[in-house]
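Worksheet: the structure to be examined is printed underneath.
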Amino acid sequence: MPKFAASEEEADQDLREYCESIGFDPEWVTPEKWASSVSIAQQKQYGFAEAHKTIDSDKEELRKDAAAKARKAKLAGDPAGLIAALKVHYSLKDSLVREIIDQCAATYIGGERVNLGLGGKPMDRDAYRDLRDEWRAASALAAGGVFSDFVSHAPQDKAALGKGAVGATLARRGVQGNLLVRVNGVRFNMHIDVAD
């Protein structure tokens with residue numbers, strides 16, 4: 001008999017660990033498909049092995065060219081036209097918001113990792129505060145469109161909170177702020193290093 005989960009929590013944790021092991025973000029799986037995989041992992045006749053196969057199938061579907069073309073078309077048909085609006089907006093056209101939205105859009109089309117990093121030197125705290133204000137302004141421009149749920153978090157000292165490790169790498173995080181946005185329901189998190 002296959003190994004199976006004794007609870008929904010155990011199934012969810014196993015599937016998240018499996019996703020991490022194959023370099024796949026569970027954020028890409030619709031809530032309905034995720035619930036189905038969790039259910040499969042709890043069934044004695046199927047268990048973890050079959051649930052992992054459903055995740056593999058979701059990952060493969062995401063990678064197909066047709067799926068990328070559909071995601072690109074979804075962005076092109078954005079009723080709010082956020083990307084175009086940012087290019088001409090008087091206070092946002094030269095903002096990092098534009099770069100961040102462009103990076104999230106490209107990552108969405110490519111079906112890539114949802115945790116992103118802005119890169120470059122750590123940002124001054126005042127500049128990050130201004131960026132958070134601009135992020136809120138972009139949210140208003142995006143209303144009713146493909147981009148939604150704009151959230152920004154104040155800088156946190158990740159190392160002091162015990163969250164300094166970056167996955168299974170040797171890289172370490174210090175003070176970091178986060179800007180989050182959903183692109184057609186998929187949540188992206190832009191990590192921004194902030195000077196302490």
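List of remarks:
- Qualifying residues in the range 152-196 (those that are assigned to a loop (DSSP other than H, G, I, E, B) and modelled with pLDDT of 85 or more) - the one most open to solvent (accessible area, probe 1.4 Å): ASN184
- Subset of the range 66-110 [open to solvent by less than 70 Å² (accessible area, probe 1.4 Å), part of a helix (DSSP H, G or I) and within 12 Å of GLU134 (Cβ to Cβ)]: LEU86, LEU96, VAL97, ILE100, ILE101
So that you can scan it fast, the table gives a plain yes or no per residue for (1) open to solvent by 40 Å² or more (accessible area, probe 1.4 Å); (2) more than 21 Å from ASN189 (Cα to Cα); (3) in contact (Cβ under 8 Å) with a residue 12 or more places away in the chain:
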{"position": "LYS3", "(1), (2), (3)": "yes, yes, yes"}
{"position": "SER21", "(1), (2), (3)": "yes, no, no"}
{"position": "GLY47", "(1), (2), (3)": "no, yes, yes"}
{"position": "SER57", "(1), (2), (3)": "yes, yes, no"}
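- Residue check for GLU10: of a type in the set (Asp, Glu) and within 19 Å of the chain's Cα centre (by Cα): no
The values are calculated or read from the model by the stated rules, or taken from the named source; none is laboratory data. What you see is a predicted model; the values in this text were computed from it and never measured. Quick reminder, even Gly has a Cβ in these numbers, built from the backbone with ideal geometry, and neighbours come from all protein chains shown. SASA here: full protein model, heavy atoms, side chains in, ligands and nucleic acids out. Shrake-Rupley method; radii C 1.70, N 1.55, O 1.52, S 1.80 Å.
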